[in-house]
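Below is one structure, written out as C-alpha cells; the observations come after it.
The values are calculated or read from the model by the stated rules, or taken from the named source; none is laboratory data. Since this is a predicted model, take the numbers as computed values, not measurements. Here Cβ is always computed from backbone atoms with ideal geometry, including for glycine, and neighbour counts include all displayed protein chains. Just the protein is used for accessible areas: all its heavy atoms, side chains included, with ligands, DNA and RNA removed. Shrake-Rupley method; radii C 1.70, N 1.55, O 1.52, S 1.80 Å.
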Amino acid sequence: MKLAVMTIFAHPKQIIGNDQKPQTYITPLEQKVKLMQDLGVDTLIVVNFDSAFANLSPSDFIEDYLCGFKCKHAVAGFDFRYGHNGEGNMETLKIEGKRFLEVTEMKKFEIDHEKVSSTKLRNLIGKGRFADIPSYLGSYFESQGTIDSEDNQHVIVTLSEAFLTPPPGVYLIEIHTEGNVHEGIAHQIMDGSFQGSWH
C-alpha cells in the first residue's frame, strides 16, 4: 500500500472561528509539501477546509474522504476529531470505520508530563524559546523570507507572512541561501504591519 497523509488548509479558525485575521503557521503548506516528500510520503492530500467540509457529518467524512481516497488503514492521534463540531472521535472512527478500514490510534506523546502539540509549539515560538523546540518538533524552527539587502557582514531579510514570527530579540541563526549556509546573529525587529525583519 502507498503511504498517504491528509492535511487541511486553510486554518479552521478562519472558517469556524471569530478570528478573521490571516493565520500564520509553524509549517506553512509549501514547507509541509517538501517535508512530506523528504519523509517518503507517497501522496499528500490537501483538503480545502471550507464551510461544507466543516459541516460534514462524521459518517460522511468517513465515506466521502477516507473511503473516497481508498484508505485501507487510518492512523491518527488519540485526540483526533472529525465531522461537524468535532462530533467524530477515535472511538467512533473505530466503530463506524471498521466496515471499510483498519484504525490505529497513536497514544498521547508527552515531554515532562505535558502533551506535545501545536499549541505548545506556538507558545514556545511566541516566547522565543527556540532552544527547547527541537525536543518537541524534532528539528529547529525554520522560517523563510526574501533578502532585501546584503553586504559582506550584514543581511536584511523580510520574513514570509505565512510563518509564525518570533518575538523581538537577538537570536543565533543559520541562513541557507543558494546552497550556502551562513551562521550569524540576528536582531528581530517588527514594523507596523507586524511583518518581521531579520537584521
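GLY128 is checked against (1) in a loop (DSSP other than H, G, I, E, B); (2) within 22 Å of MET6 (Cα to Cα) and fails just one. What number does that condition carry?
Condition not satisfied by GLY128: (2).
Within the range 101-110, track down each residue that is assigned to a loop (DSSP other than H, G, I, E, B) and either of a type in the set (Phe, Trp, Tyr) or closer than 25 Å to ASN55 by Cβ (or both).
If the condition is that a residue be assigned to a loop (DSSP other than H, G, I, E, B) and either of a type in the set (Phe, Trp, Tyr) or closer than 25 Å to ASN55 by Cβ (or both), then LEU101, PHE109 are the ones that fit.
Go through (1) within 21 Å of the chain's Cα centre (by Cα); (2) more than 24 Å from PRO28 (Cα to Cα) for HIS113 and report which single condition fails.
(1)
Condition first: loosely packed, with under 13 Cβ neighbours inside 10 Å and of a type in the set (S, T, N, Q). Now tell me which residues in the range 25-47 satisfy that.
GLN37, THR43
Looking at the range 97-117, which of its residues are open to solvent by less than 70 Å² (accessible area, probe 1.4 Å) and either out of contact with any Leu (no Cβ under 6 Å at 6 or more places or on another chain) or on the phi > 0 side of the Ramachandran plot (or both)?
GLY97, LEU101, THR104, GLU105, ILE111, VAL116, SER117
If I filter the range 124-146 for residues that are at pLDDT 85 or above, within 20 Å of the chain's Cα centre (by Cα), within 30 Å of CYS71 (Cα to Cα) and surrounded by 11 or more Cβ atoms within 10 Å (Cβ to Cβ), do I get at least one hit?
Within the range 124-146, one or more residues are at pLDDT 85 or above, within 20 Å of the chain's Cα centre (by Cα), within 30 Å of CYS71 (Cα to Cα) and surrounded by 11 or more Cβ atoms within 10 Å (Cβ to Cβ).
For ALA52, all conditions in the list (1) over 23 Å from ILE16 (Cβ atoms); (2) free of Cβ contacts under 8 Å to residues at least 12 places away in the same chain hold save one; what is the number of the exception?
(1)
What is the number of the single condition among (1) polar (S, T, N, Q); (2) farther than 23 Å from GLU30 by Cβ; (3) surrounded by 11 or more Cβ atoms within 10 Å (Cβ to Cβ) that THR165 does not meet?
(2)
Among the numbered conditions (1) in contact (Cβ under 8 Å) with a residue 24 or more places away in the chain; (2) farther than 30 Å from GLU161 by Cα, tell me where ARG99 comes up short.
With respect to (1) in contact (Cβ under 8 Å) with a residue 24 or more places away in the chain; (2) farther than 30 Å from GLU161 by Cα, ARG99 is out only on (1).
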